[in-house]
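The values are calculated or read from the model by the stated rules, or taken from the named source; none is laboratory data. This is a predicted model, so every value here is computed, not measured. FYI the Cβ positions are ideal-geometry reconstructions off the backbone, even for glycines, and counts take in every protein chain you see. Accessible surface is based on the protein model in full, side chains and every heavy atom, while ligands, DNA and RNA are left aside. Shrake-Rupley method; radii C 1.70, N 1.55, O 1.52, S 1.80 Å.
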Amino acid sequence: MKKEVIAMLLAGGQGSRLGVLTQDMAKPAVPYGGKYRIIDFPLSNCVNSGIDTVGVLTQYQPLELNSHIGIGVPWDLDSNDGGVAVLPPYEKSGDAAWYSGTANAIYQNLSYMESYHPEYVLILSGDHVYKMDYARMLDSHKKRNADITIAAMPVPIEEASRFGICVANEQDRITDFEEKPEKPHSNLASMGIYIFNWDVLKSSLIKKKDQKNCDFGKHIIPYCFENGLDMFVYKFEDYWKDVGTLSSYWEANMELIDIVPEFNIYDSSWKTYTKTSGFEPVFYCKESKVETCIVGEGSEICGEIKNSVLGTNVIIEKGAVVEDSIIMSNTVVGGNTKIHKAIIAENCVVGSNCNIGVGEEAESKLNPNIYNSGLTTMGQGSVIPDGVTIGKNTAILGKTTIQDYIKKELPSGGFIVKAGGHK
Amino acid sequence: MRAIGLILAGGNSIGLKDLVKKRAGAAMPIGGTCRAIDFGLSNMSNSGIRTVAVLTQYNTRSLNEHLNSAKWWNFGRKHGGLYTFTPTLTRDNNWWFRGTADAIYQNMLFLRRRTEPYVVIYHGDCICKIDLNKMLEYHEEKGADITIAVKHLDSENELKRFGVVETDENNRVIEFSEKPMKAKTDTASMGIYIINRTLLMQLVEDANQRERYDLVKDIFIPYKDVKNIYAYEFDGYWRNINTVESYYDTNMDFLRRDVRRLFTAEPTIKTKIEDLPSAKFNEGSDVKNSLIGSGCIVNGEVSDSVVFKEVFIGKGAVIKNSIILNGTYIDEGAYIENCIVESRERVAKNEEFIGKEGEPMVVSGLRGRLE
């Protein structure tokens, strides 16, 4: 089979700075904006851009991703002709290796790509929230006769040292490439989205196959640059978010409830597709109150919700108050429970008469580099007993009982992480 | 499953008045998300029927759009499939479907080529959740030629809208009258039948010879003493949406938790999923005892109402006791009470529509007028 362009979507990363949220799923599988998961954005971009062959590379905790992607039905990627393929690491004769880096992962799937005889390969990451027409990027790649095109966006210069930086001339030709430079010479940050001519990709991956932890930004791109290939940037100035930390994740969700959000999911010309678990309308009881929220399908709201993003099939019982929070799908919040500034993952049960997100902030005893923005974070499948108080910068994972709390309280900075917390 | 399905979706449902200007009764939106025909299709799919034909002729665009893929209901595998049959011109026939029996007659080849012994016939506007396997078991147990699903109704007024049957102590149908002025029993035919496939072919053929075209009036009623027709009692939730009032009431039923739970419990009623974003509630929104569909943006007040997908409700707008169909734009300060607002309408700023209680007003034709 012949395809002009295929996409390879890197979805194996843990996203460790999301703490308990990525305890048992990879970052691309983390829910976003109520009903979506992060990977829905690059996958929907592919189909909206006319790319119908996508390899999804998984490694870290792939169960959630596998069941989400399935055979690709929600994105119309259940196709006889291309479609989606989930590509985990596999054993080869005399050899078995995990994916040790982004480029190494692609290298280990050369034969998958080969089977489509592509002219171009689009490399994507499953970690970002954005809408982008890859077809335009490909047009620009072809028009310039490029070997490699790198999507890049301008970032504030003081943040540039966190990224791979492209220095480009007026024709957008890359004149220098700096990986996380101390003194950046440009503010054009690589978005980790590359279009390669197939022969260039194949030969450079083979050339660098023995490179330890072979990575695009660190090894392949510099290698290609040193070898004088024709490399261009494709500038992108729209919304693009790396929701890599709890606070950026929380903020990006909250931005969606602005009157006209910068990232507009209500735009019908560029739909985001997802596997939907609920399609029924939201029900509001007589006692409910709702303001500035996004509420997923099938939810039942009998309490008060404000400035929050709710997933599908969420139940908020009578008298409960949810504010400035993210409540993911299939979670139940018990009656008269107050929740302030929390991220509560899927399939959680929060008891009644709880008080969550209260008190003064205190440094996290679990990991102050992760839990530092005043949020209460609960991992998938957590259970909170009735009547407990939970402070800020806290983390909970697992089915907790009243015995796990001291005087019915988890003070700020505390955590309860139980083995087998999931499902 | 040893049956194939036929869904009758061809009628013009005059009882729905202006609401069927845009679509057939079977395509009427229900419960904030589905369409009427989803219930028939899902009941068949959930009961293991793999091959279903929808017979339709009246205003079919909307219905055809809905049926654009069979996969929503799990049809369209290698085995079986979902077929839509509309009248076609042939060398021997240039008629529309002249009635339900004629619709079947004109698609006789579909029946002839199947091998399943039974046919389930289902009216596209009947809203319920029924296990057709159980009904089929009953059909076989009784050795029936035809089995009719029936439901006891309390309201005499309601009964006038349906076929009414009288049965003997074995549940055999001894009397069957279509929409009687005065019903003799409280037992209404639900519009769901099981009939042996070869018998159906014979009876329809025979009716055609007599130039008779209606399944109930020209086949079931005249044959009631000759064939074994049994009534199958169903005691679950059942509604038929053949009038504006019943359409309104049926939608309002979905504000009840028990009704919603009935249809969302496994096996669920399935519908076409459109991947709309979740509903959004901005500052100033206030929603009470209501259903709000996907993709809605709410800035105003909604109470005791069902709002379908992609409806925009402007600031200060008030919606009470109403049904707002999909894609409607309601501008700031509008007031809507006891209404059914058609799909894709545009209610202007501060405009008022107030219907009578129990007699909802159908609001339509607003788009395209001079503002």
Problem set entry | Top-ranked residue of region A:220-275 - restricted to ones that are within 14 Å of chain B (Cβ to nearest Cβ) and of a type in the set (G, A, S), ranked as nearest to A:N307 (Cα to Cα) | A:S268
For this session: Would you be able to tell me the number of residues in region A:132-171 that are within 25 Å of the chain's Cα centre (by Cα), open to solvent by 70 Å² or more (accessible area, probe 1.4 Å) and charged (D, E, K, R)?
Result: 4
Exercise. Any chance region B:21-31 includes a residue that's part of a helix (DSSP H, G or I), out of contact with any helix residue (DSSP H, G or I) (no Cβ under 9 Å at 6 or more places or on another chain) and surrounded by fewer than 23 Cβ atoms within 10 Å (Cβ to Cβ)?
Worked result: yes
For this session: Report whether or not B:D38 is surrounded by 24 or more Cβ atoms within 10 Å (Cβ to Cβ) and of a type in the set (D, E, K, R).
Result: yes
Exercise. Quick one: would you say A:K271 is part of a loop (DSSP other than H, G, I, E, B) and open to solvent by 60 Å² or more (accessible area, probe 1.4 Å)?
Worked result: no
Exercise. For region A:294-313, which residues satisfy the criterion of being open to solvent by less than 10 Å² (accessible area, probe 1.4 Å) and under 20 Å from A:P261 (Cβ atoms)?
Worked result: A:I294, A:V295, A:G296, A:E297, A:S299, A:I305, A:S308, A:V309, A:L310, A:G311, A:T312
Seminar exercise, completed: When every residue in region A:342-358 that is on the phi > 0 side of the Ramachandran plot and open to solvent by 50 Å² or more (accessible area, probe 1.4 Å) is compared, the one farthest from the chain's Cα centre (by Cα) is A:N353
Exercise. Can you pull out the helices (runs of 4 or more DSSP H) entirely within region B:189-307 that have at least 3 residues that are touching a His at 6+ places or on another chain (Cβ under 8 Å)?
Worked result: none
Problem set entry | Residue list for region A:276-311, restricted to those being more than 7 Å from chain B (Cβ to nearest Cβ), in contact (Cβ under 8 Å) with a residue 40 or more places away in the chain, in contact with a strand residue (DSSP E or B) (Cβ under 9 Å, 6 or more places away or on another chain) and in a loop (DSSP other than H, G, I, E, B) | A:G311
Exercise. If the Cβ limit is 9 Å and pairs must be 6+ apart or interchain, which residue in region A:91-117 that is at pLDDT below 90 pairs with which residue that is loosely packed, with under 11 Cβ neighbours inside 10 Å?
Worked result: A:A96/A:Y90; A:A97/A:E91
For this session: State which residue pairs qualify: first residue within 8 Å of another protein chain (Cβ to nearest Cβ) and at positive phi and inside region B:257-276, second residue open to solvent by less than 50 Å² (accessible area, probe 1.4 Å) and at pLDDT 95 or above in any location, beta carbons under 9 Å apart, and separation of 6 or more residues or different chains.
Result: B:D275/A:S44
For this session: Identify all residues within region B:312-334 that are buried (at least 23 other Cβ atoms within 10 Å of the Cβ) and either facing another protein chain (nearest Cβ under 8 Å) or within 23 Å of the chain's Cα centre (by Cα) (or both); write none if there are none.
Result: B:S322, B:I323, B:I324, B:L325, B:T328
Seminar exercise, completed: Selection over region B:101-130 where residues are of a type in the set (A, V, I, L, M, F, W, C) and open to solvent by 40 Å² or more (accessible area, probe 1.4 Å) yields a count of 1
Seminar exercise, completed: Flagged pairs (Cβ under 6 angstrom, 6 or more apart or on separate chains; first in region B:280-298, more than 7 Å from every other protein chain (Cβ to nearest Cβ); second of a type in the set (S, T, N, Q)) are B:G284/B:N299; B:V298/B:S285
Exercise. Residues B:L215, B:L276: which one is of a type in the set (A, V, I, L, M), open to solvent by less than 30 Å² (accessible area, probe 1.4 Å) and more than 30 Å from B:K179 (Cβ to Cβ)?
Worked result: B:L276
Problem set entry | Single residue of A:T58, A:T53, A:T22 found to be of a type outside the set (A, V, I, L, M, F, W, C) and under 18 Å from A:I396 (Cα atoms) | A:T22
For this session: Select from region B:299-311 the residues that are in contact (Cβ under 8 Å) with a residue 40 or more places away in the chain, under 24 Å from B:G368 (Cβ atoms) and open to solvent by 10 Å² or more (accessible area, probe 1.4 Å) and list them in ascending order.
Result: B:K309
Problem set entry | Elements of type strands (runs of 3 or more DSSP E) contained in region A:359-398, each with 3 or more residues being open to solvent by less than 30 Å² (accessible area, probe 1.4 Å) | A:376-378, A:394-397
